[in-house]
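The values are calculated or read from the model by the stated rules, or taken from the named source; none is laboratory data. Note that the structure is a prediction, hence the values are computed from the model and not measured. Please note: Cβ atoms are built from the backbone with ideal geometry, for glycine as well, and neighbour counts cover all protein chains shown.
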2 protein chains.
Amino acid sequence: MNLGELEKLVLNYLWSTGAADAKRVHDHFKTTRGGSLNTIQSTLDRLHKKKFLTREKQGHAFSYSPAMEKKAFIGALIKAATQDFSTDHDHLLSAFVTLSADLDEAHLDRLEALIKDSRQKKTQGDEK
Amino acid sequence: MNLGELEKLVLNYLWSTGAADAKRVHDHFKTTRGGSLNTIQSTLDRLHKKKFLTREKQGHAFSYSPAMEKKAFIGALIKAATQDFSTDHDHLLSAFVTLSADLDEAHLDRLEALIKDSRQKKTQGDEK
DNA sequence: TAAAAAACCGATCCGCAATCGGTTTTTAGT
DNA sequence: ACTAAAAACCGATTGCGGATCGGTTTTTTA
């Protein structure tokens, strides 16, 4: 689950603009950061092999898209980063709140609303 | 912030048992996983240089302890793992709730309680 | 079907964790 | 204070994975 620097940049770019082929991605990065088209190709390839991108022949070339929503991905990141340390969920919870020390009221409100949603979804699922 | 496999094991061990010197740590791992005392030494050293452990001469040898509480550490892990992806806090929040899809009622309760605490602390801080 | 574009392969470089041998420094016992 | 043992420190090696790109094969298209 360890992502390199360019891999992160490419993923973020694809989330911001949607599907793109290697050429488009390269066009975007060549001025700001440099690197050959080949480098972009192999990075896209690596991300594809790692299942973070899906790809589909779109006319001439492969068009790459993020394999999951950003929030799901970040969730997976958190899981991967913490799994070797948090045996139960409690650690994760308190860690999150520790982390959220710099969350303002508005974000705390938002978090509560999200929890409510989560309960909602869970209940619907149970009723099935 | 990338930790190797042995580094993670050592950190977890120190959280579970408190301060220990290289010998103690080595004694703990030599049967289950192998590796020389030197390997443990340099791992402790690396963790110390990375500021994850503090150390103090305790009689004959350095005694190493975790530099922070586990929950603070996990919070830092989450921050590090996600910072290249979440521009604002919203992503992080929804990611967390996505992640917590497999949290049961009890844990959701606990999370809400923790948020309450967080608000409490914040208010106290503001009043100063 | 030939030129151009894209995909694929392989080599190299770099950084970092793991590993451990060997040397220096520190500690402790006499 | 001297020396032996222990601990700390240094440096070399190995292995892995990302970044980089040249060169070759495959695919597309005109």
Among the residues of segment A:26-68, what is the count of those that are under 23 Å from residue A:1 (Cβ atoms) and in contact with a Ser or Thr (Cβ under 6 Å, 6 or more places away or on another chain)? 3
For segment B:50-68, give me the residue count where each residue is more than 13 Å from DNA strand C (Cβ to nearest atom), more than 14 Å from chain A (Cβ to nearest Cβ) and crowded, with 18+ Cβ neighbours inside 10 Å. 1
Go through segment B:13-49 and report how many residues are under 18 Å from the mean Cα position of the chain (by Cα) and either surrounded by 13 or more Cβ atoms within 10 Å (Cβ to Cβ) or away from DNA strand D (no atom under 14 Å from the Cβ) (or both). 15
Of all residues making up segment A:77-128, the number that are aromatic (Phe, Trp, Tyr) and at pLDDT 85 or above: 1
(1) within 10 Å of DNA strand C (Cβ to nearest atom); (2) within 26 Å of residue B:94 (Cα to Cα) all hold for residue A:22 apart from (2)
By residue number, the members of segment A:50-65 that are more than 15 Å from the chain's Cα centre (by Cα) and polar (S, T, N, Q) are A:58, A:63
